[in-house]
């Protein structure tokens, strides 16, 4: 029985998708530092690759991108470190710039960032981050007990609780 990640890698190589998608992520990694690890919703892939907006959201138009970095790393059998590095840097950015708690109930949420201002509400599509953070914690290269894995697992649980309550 062939392992899924080997089949996915074979299929991507056969179609040429692996080279094209890796090229895109290589360009995105090069500019990831411009927003502390986070990616605005609008990006120009024309040379030079650049961000076209300063709107960052884990909701609509941004929800799946962060999940894909982690899943690409897992689907390649953890053999392509660039994807995990980008994911980890983005999760640092998420924690440093966006994660908030409501003052009364203490619910954890992810606001959108419009230029330099936070929009203090969470799009329901951002609820996917609860599972992504947990998956990232359980597969962390430094182990589940590492500080960043524990940070992400704690935040993932808190987000899941927030989403359940709303």
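Taking residue 131, is it surrounded by fewer than 17 Cβ atoms within 10 Å (Cβ to Cβ), in contact (Cβ under 8 Å) with a residue 60 or more places away in the chain and closer than 26 Å to residue 22 by Cα? Please lay out each step first, then the result.
Numbers: surrounded by fewer than 17 Cβ atoms within 10 Å (Cβ to Cβ): yes; in contact (Cβ under 8 Å) with a residue 60 or more places away in the chain: no; closer than 26 Å to residue 22 by Cα: yes.
Taking the combined requirement at face value, the residue does not satisfy it.
Of (1) under 27 Å from residue 27 (Cα atoms); (2) in a helix (DSSP H, G or I); (3) without any contact (Cβ under 8 Å) to a residue 40 or more places away in the chain; (4) out of contact with any helix residue (DSSP H, G or I) (no Cβ under 8 Å at 6 or more places or on another chain), residue 61 satisfies all except one. Which?
Among (1) under 27 Å from residue 27 (Cα atoms); (2) in a helix (DSSP H, G or I); (3) without any contact (Cβ under 8 Å) to a residue 40 or more places away in the chain; (4) out of contact with any helix residue (DSSP H, G or I) (no Cβ under 8 Å at 6 or more places or on another chain), the lone unmet condition for residue 61 is (2).
With respect to residue 104, determine if the residue is touching a residue at least 40 places away in the same chain (Cβ under 8 Å) and either surrounded by fewer than 20 Cβ atoms within 10 Å (Cβ to Cβ) or part of a loop (DSSP other than H, G, I, E, B) (or both).
Working: touching a residue at least 40 places away in the same chain (Cβ under 8 Å): no; either surrounded by fewer than 20 Cβ atoms within 10 Å (Cβ to Cβ) or part of a loop (DSSP other than H, G, I, E, B) (or both): yes.
Spelling it out, it is not the case that residue 104 is touching a residue at least 40 places away in the same chain (Cβ under 8 Å) and either surrounded by fewer than 20 Cβ atoms within 10 Å (Cβ to Cβ) or part of a loop (DSSP other than H, G, I, E, B) (or both).
Please find, within the stretch 47-60, the residue that is farthest from residue 33 (Cα to Cα) out of those that are crowded, with 16+ Cβ neighbours inside 10 Å and over 10 Å from the mean Cα position of the chain (by Cα).
Going residue by residue through the stretch 47-60, those that are crowded, with 16+ Cβ neighbours inside 10 Å are 51, 55-59.
Still in the running and over 10 Å from the mean Cα position of the chain (by Cα): 51, 55-57, 59.
Details: 51: 11, 55: 15, 56: 14, 57: 17, 59: 21 Å.
Restricting to residues being crowded, with 16+ Cβ neighbours inside 10 Å and over 10 Å from the mean Cα position of the chain (by Cα), the top hit is 59.
Quick one: residue 34 ticks every box in (1) assigned to a helix (DSSP H, G or I); (2) modelled with pLDDT under 75 except a single one, so which number is it?
Of everything listed in (1) assigned to a helix (DSSP H, G or I); (2) modelled with pLDDT under 75, residue 34 misses just condition (2).
Find the residue count for the stretch 71-92, including only residues that are assigned to a helix (DSSP H, G or I) and over 18 Å from residue 36 (Cα atoms). Reasoning before the result, please.
Start the filter on the stretch 71-92 by keeping residues that are assigned to a helix (DSSP H, G or I), which leaves 71-75, 81-92.
Applying the additional criterion that residues be over 18 Å from residue 36 (Cα atoms) yields 71-75, 81.
Residues in the stretch 71-92 being assigned to a helix (DSSP H, G or I) and over 18 Å from residue 36 (Cα atoms): 6 in total.
Filtering the stretch 73-93 down to residues that are within 10 Å of the chain's Cα centre (by Cα) and in contact (Cβ under 8 Å) with a residue 60 or more places away in the chain, which residue is surrounded by the most Cβ atoms within 10 Å (Cβ to Cβ)?
It comes out as 91.
Consider residue 119 carefully, then state whether it is in contact with a strand residue (DSSP E or B) (Cβ under 8 Å, 6 or more places away or on another chain) and surrounded by fewer than 17 Cβ atoms within 10 Å (Cβ to Cβ). Steps first, please.
Details: in contact with a strand residue (DSSP E or B) (Cβ under 8 Å, 6 or more places away or on another chain): yes; surrounded by fewer than 17 Cβ atoms within 10 Å (Cβ to Cβ): yes.
In short, yes.
Across the stretch 141-156, what is the number of residues that are without any contact (Cβ under 8 Å) to a residue 40 or more places away in the chain and either under 16 Å from residue 89 (Cα atoms) or touching a helix residue (DSSP H, G or I) at 6+ places or on another chain (Cβ under 8 Å) (or both)?
Looking only at the stretch 141-156, we keep the residues that are without any contact (Cβ under 8 Å) to a residue 40 or more places away in the chain, and these are 142-147, 149-150, 153-154, 156.
Checking the rest, the ones that are also either under 16 Å from residue 89 (Cα atoms) or touching a helix residue (DSSP H, G or I) at 6+ places or on another chain (Cβ under 8 Å) (or both) come to 142-144, 146-147, 149-150, 153, 156.
So the count comes out to 9.
For residues in the stretch 144-153 being more than 16 Å from the chain's Cα centre (by Cα) and in a helix (DSSP H, G or I), which is surrounded by the most Cβ atoms within 10 Å (Cβ to Cβ)? Quick ask: steps written out before the conclusion?
As a first pass, look at the stretch 144-153 and keep what is more than 16 Å from the chain's Cα centre (by Cα): 144-147, 150.
With the extra rule that they be in a helix (DSSP H, G or I), the set shrinks to 147, 150.
On the way: 147: 9, 150: 14.
By that ranking, first place goes to 150.
Quickly run through the stretch 111-140 and pick out the residues that are over 21 Å from residue 89 (Cβ atoms) and not in a loop (DSSP other than H, G, I, E, B).
Going residue by residue through the stretch 111-140, those that are over 21 Å from residue 89 (Cβ atoms) are 114-115, 117, 119-125, 127.
Those that are over 21 Å from residue 89 (Cβ atoms) and not in a loop (DSSP other than H, G, I, E, B): 114, 117, 119, 124, 125, 127.
The values are calculated or read from the model by the stated rules, or taken from the named source; none is laboratory data. Note that the coordinates shown come from a computational prediction; the quantities given were computed from them, not determined experimentally. Here Cβ is always computed from backbone atoms with ideal geometry, including for glycine, and neighbour counts include all displayed protein chains.
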